[in-house]
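*Asks:* Handing you a structure now.
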Amino acid sequence: MIKRMTVVAVIALAVVVAASAMAHRDMRVGYGSGPGNVEDIAKERGLDLTAEQREKINTLREAHLKDVKPLQDQLYVKGRELKGLWLAETPDRESILTLQREVQALRNQLMDKLTTYRLDAWQLLTPEQQAKVRPYGPERRPPQIRGPGMRGDRENGRGMRGPMPPPAGVAP
């Protein structure tokens, strides 16, 4: 009986963990996962897009994602190859550097395509909508959780390394 209850408890725990992991993954929908993926600004709250704008943005986004998919696939393959070269008993310097340059060239191509997409999508918005969407800046990043730790709350003198010393030239 105890063995059966233990098995049921372990299965229930696995379901809870899996469900929370899936929920976390679903929260990122629209943000992509890797170089070249883009946010879906059609889902941005408060933009009040017209049906025509929404359609144009979705068409533009789908075309972009289709365009970058081969580059992302190549980047994945090259990344795996690069990892394999690094894990070799004696890593080959020239092979690693050559492959690293290829990976960087793919990343540059992805960033060029991403920039083109962002600029094209930006032009579809009215000035009022553009004011509500900032492609860069602190408001576009998820909030950072900070607490006491290695560098946690050092402004207030707390953290694992103790209080911060005063800046040079400032009396304590």
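The values are calculated or read from the model by the stated rules, or taken from the named source; none is laboratory data. All of these numbers come straight from a predicted model, not from anything done at the bench. Cβ coordinates were reconstructed from backbone atoms using ideal geometry, including for glycine residues, and neighbour counts include every protein chain displayed.
*Asks:* Which of the residues belonging to the range 89-133 are more than 26 Å from GLN72 (Cβ to Cβ) and of a type in the set (Ser, Thr, Tyr)?
*Replies:* THR90, THR126
*Asks:* Say whether the condition of being surrounded by 14 or more Cβ atoms within 10 Å (Cβ to Cβ), more than 30 Å from LEU65 (Cβ to Cβ), modelled with pLDDT of 50 or more and not polar (S, T, N, Q) is met by at least one residue in the range 133-153.
*Replies:* So far as the range 133-153 goes, yes, one or more of its residues are surrounded by 14 or more Cβ atoms within 10 Å (Cβ to Cβ), more than 30 Å from LEU65 (Cβ to Cβ), modelled with pLDDT of 50 or more and not polar (S, T, N, Q).
*Asks:* While we're on this one: Can you tell me which residue is modelled with the lowest pLDDT among those in the range 94-131 that are of a type in the set (Gly, Ala, Ser) and out of contact with any helix residue (DSSP H, G or I) (no Cβ under 7 Å at 6 or more places or on another chain)?
*Replies:* If we take residues in the range 94-131 being of a type in the set (Gly, Ala, Ser) and out of contact with any helix residue (DSSP H, G or I) (no Cβ under 7 Å at 6 or more places or on another chain), then ALA131 is modelled with the lowest pLDDT.
*Asks:* So, one more: For ASP40, work out the one condition from (1) at pLDDT below 55; (2) touching a Gly at 6+ places or on another chain (Cβ under 8 Å) it doesn't fulfil.
*Replies:* Status for ASP40: all satisfied but (1).
*Asks:* Just one of LEU49, LEU99 is aliphatic (A, V, I, L, M), closer than 17 Å to GLN130 by Cβ and surrounded by 14 or more Cβ atoms within 10 Å (Cβ to Cβ); which is it?
*Replies:* LEU49
*Asks:* Here's another thing I want to ask about it. Tally up the residues in the range 40-66 that are without any contact (Cβ under 8 Å) to a residue 24 or more places away in the chain and in a helix (DSSP H, G or I), please.
*Replies:* 11
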